[in-house]
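Asks: Here's a structure for you.
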Amino acid sequence: MNATGRFRIAAIPADGVGQEVVAAGRQVLDALAAASAGAFAFDWREFDWGCDYYARTGRMMAADGLEVLKDFDAIYFGAVGWPGVPDHVSLWGLRLAICQNFDQWANVRPVRFLPGVRSPLRKADDTGLDWVVVRENSEGEYVGMGGRNFAGRGPGGEIAVQSALFTEVGCERIMRFAFDLARTRGRRKVSSVTKSNAQQYGMVLWDEVFARVARDYPDVETESVLVDAMSAKFVLRPEDLSVVVASNLHADILSDLGSALAGSLGLAASANLNPERRFPSMFEPVHGSAPDIAGRGLANPIGAVGSAALMLGHLGLPEQAARLDAAIEATTAAGILTRDLGGTATTEDVTKALIDALHA
Ligand SMILES: NC(=O)c1ccc[n+]([C@@H]2O[C@H](COP(=O)([O-])OP(=O)(O)OC[C@H]3O[C@@H](n4cnc5c(N)ncnc54)[C@H](O)[C@@H]3O)[C@@H](O)[C@H]2O)c1
């Protein structure tokens, strides 16, 4: 932020519903800023990177894209991926290129149960449920190490190796982050997700670091749960969860399960943080580009708006973040729901309701 309270935000809507939900999020954020009587404002710069850009240029982002992004206060991202461009090309060319080069090693994904939204979980009717998935975002299964067809084997004989990398430093920093987060919550508990029964190197290191870090936080309850058992626990005993720390792949899967349990993938928010603030952090809904509904005004903007609230918190505006979260709750409680939640509201209807709720 500069001296006049202006935040420089890079918007990268990218593909499919990313375009619609980032536009919605920007409208809501601008409305919030307009109501602040000049206390803060956003200077947006939008980048047209994504699969269309790739079709035109052969690149997912400009060659100097990281250099340009580096000077922003934050990045507000939509979703990447569109039929015609292989998903691994689009993901690695844009989203992962940003996350990895900007060392956004902590990915925070709250699972929020909102009023007025029906959960497929019966328990949600009478139990307060609320947990956060903390995802290791820089290594693990998505480190991009491996190769194909090493010996030049022909069709039908090809081989591929995809390795997971676990470092003691990487495990320790994400676990300390999870424990610190647990200390800010009503229930001080960290659940570690593992698979050390089958994966005897990386996941055993993960477990050992977890046990060591836990000793520094005697006030925080802990448990270590196999990923298969944790997926069952999300459904059967979600009231036992507060902070769930997991590797890149495990957390990716579990956070989609969490948001589906909360009602829809369209609700889930996420923050890709560089906690040291050496680089800008990036805020994006958990969902993808949803080609099946894109361009029809059906996308639920709440995941993107919740991500904007996480961005406000990161930018040092916690009261404004709380206002945005309250506007989300007021909107769902009033039954203004998109089709994924069983409603009939459009993206625009929900956006307008969110803005009205800010002014209420
Ligand atoms: N972070 C990202 O950029 C990211 C994440 C996941 C998938 N992807 C990419 O997105 C593309 C589609 O992937 P997918 O279909 O597996 O996942 P997806 O998240 O795009 O869609 C899964 C389902 O959820 C629904 N959905 C998603 N967002 C919604 C919203 N805001 N409102 C209402 N419904 C919503 C979709 O209609 C679809 O039925 C692929 O190219 C994939 O690689 C990108």
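The values are calculated or read from the model by the stated rules, or taken from the named source; none is laboratory data. If you're wondering where the values come from, they're calculated on a predicted model, not measured in any experiment. With ideal geometry, Cβ positions are generated from the backbone for all residues, glycine too; neighbour counts draw on all protein chains shown. Note: areas computed on protein heavy atoms with side chains; ligands, DNA, RNA excluded. Shrake-Rupley method; radii C 1.70, N 1.55, O 1.52, S 1.80 Å.
Asks: For a quick check of your reading of the filter: which chymotrypsin sites (Phe, Trp or Tyr not before Pro) in the range 91-200 sit in a DSSP loop and have no more than 14 other Cβ atoms within 10 Å?
Replies: Taking the range 91-200 and a limit of 14 other Cβ atoms within 10 Å, the loop chymotrypsin sites (Phe, Trp or Tyr not before Pro) found are Phe150.
Asks: Separate question: Where a ≥ b ≥ c are the square roots of the eigenvalues of the C-alpha gyration tensor, would you call the chain rounded, which needs a/c under 1.5, or, failing that, prolate if a/b is larger than b/c, or oblate?
Replies: Taking the square roots of the gyration eigenvalues as a ≥ b ≥ c, the chain is rounded.
Asks: Measuring from centroid to centroid over Cα atoms, what is the spacing of the range 41-75 and the range 91-168 in Å?
Replies: 22
Asks: Just to be sure I understand the curve: with the Debye formula and one point per C-alpha of the range 1-40, what is log10 I(q)/I(0) at q = 0.17, 0.18, 0.31, 0.32 Å⁻¹?
Replies: Values returned for q = 0.17, 0.18, 0.31, 0.32 Å⁻¹ are -0.53, -0.58, -1.02, -1.04.
Asks: Let me know the volume per residue of the alpha-carbon convex hull for the range 1-92, in Å³. Show your work: numbers first, answer last.
Replies: Numbers: hull volume 7.4 nm³, N = 92.
For the range 1-92, the hull spanned by Cα atoms encloses 81 Å³ per residue.
Asks: For a test of understanding, tell me how many lysine pairs in the chain have Cα atoms under 24 Å apart, given they are 8 or more places apart or on different chains.
Replies: For the chain, the number of qualifying lysine pairs is 4.
Asks: Any idea which of Ser90, Gly146, Gly116 is furthest toward the positive side of the dipole for the range 37-150, if Lys and Arg beta-carbons carry +1 and Asp and Glu beta-carbons -1?
Replies: So the residue we want is Gly116.
Asks: Using 0.36 nm per residue, how much length does the chain from Ala34 to Arg278 gain when fully extended, once their Cα-Cα distance is taken away?
Replies: Once the chain is fully extended between Ala34 and Arg278, it gains 84.9 nm.
Asks: Right, something else. Based on a Kirkwood Rh over C-alpha pairs, give the Stokes-Einstein translational diffusion coefficient of the range 67-122 at 20 °C and viscosity 1.002 mPa s in µm²/s.
Replies: 149
Asks: Here's another thing I want to ask about it. For the range 51-178, take every pair of Cα atoms, bin their distances at 5 Å starting from 0, and report each bin as a whole percent.
Replies: Taking all Cα pairs of the range 51-178, the binned fractions are 2, 8, 12, 14, 14, 16, 13, 10, 6, 3, 1, 0 percent.
Asks: Please state, rounded to one decimal and in Å, the Kirkwood hydrodynamic radius that the range 204-279 gives when every pair of distinct Cα atoms enters the mean of 1/r.
Replies: Kirkwood radius, the range 204-279: 14.3 Å.
Asks: Hey, any idea what Rg/Rh is for the range 131-259, computing Rh the Kirkwood way over Cα pairs? Let's see the in-between values first.
Replies: Details: Rg = 16.4 Å, Rh = 15.5 Å.
Rg/Rh: 1.06.
Asks: Roughly how many Å² is the accessible area per residue of the chain, as a whole number, for a 1.4 Å probe?
Replies: Roughly 43 Å² per residue, with all protein chains present.
Asks: Here is a further query. Within 13 Å, Cβ to Cβ, of Arg296, how many net charges do the neighbouring residues add up to if Lys/Arg are +1 and Asp/Glu are -1?
Replies: The answer is -3.
Asks: Could I ask something else about it? List the trypsin sites (Lys or Arg not before Pro) in the range 231-304 that DSSP assigns to loop (not H, G, I, E or B) and whose Cβ has at most 11 other Cβ atoms within 10 Å. Which are they?
Replies: Qualifying residues, ordered by number: Arg277, Arg278.
Asks: Here is a further query. Towards the positive end of the charge dipole of the range 142-219, with charges on Cβ (+1 Lys, Arg; -1 Asp, Glu), say which of Thr184, Cys171, Gly156 has the farthest Cα.
Replies: Thr184
Asks: Among residues other than Gly186 whose Cβ falls under 13 Å from its Cβ, what is the net charge (Lys/Arg +1, Asp/Glu -1)?
Replies: Around Gly186, the surrounding residues sum to +2.
Asks: At a Förster distance of 25 Å, what's the computed FRET efficiency of Glu223 paired with Asn101, Cβ-Cβ distance as r, to 0.05?
Replies: Values: r = 34 Å, r/R0 = 1.36.
The value I calculate is 0.15.
Asks: How much of the accessible area of the chain, in percent, comes from carbon and sulfur atoms when a 1.4 Å probe is used?
Replies: With neighbouring chains kept in place, the figure for the chain is 53 percent.
Asks: Counting only helical runs of four or more DSSP H residues, what would the 222 nm mean residue ellipticity of the chain come to if each run contributes -39,500 (n - 2.57) and the total is spread over all its residues? Don't skip to the answer; put the middle values down first.
Replies: Values: 12 runs with 135 residues, N = 360.
Rounded to the nearest 500, it is -11500 deg cm²/dmol.
Asks: Take the Cα radius of gyration of the range 98-144 and divide it by 2.2 N^0.38 Å, with N its residue count; two decimals is plenty.
Replies: Ratio of Rg to 2.2 N^0.38 Å for the range 98-144: 1.64.
Asks: Can you list the HN-Hα couplings for the range 133-138, worked out from phi with the Karplus curve (6.51, -1.76, 1.60; θ = phi - 60°), rounded to whole Hz and with x for Gly and Pro?
Replies: Karplus-based 3J(HN,Hα) across the range 133-138 equals 8, 9, 9, 5, 10, 10 Hz.
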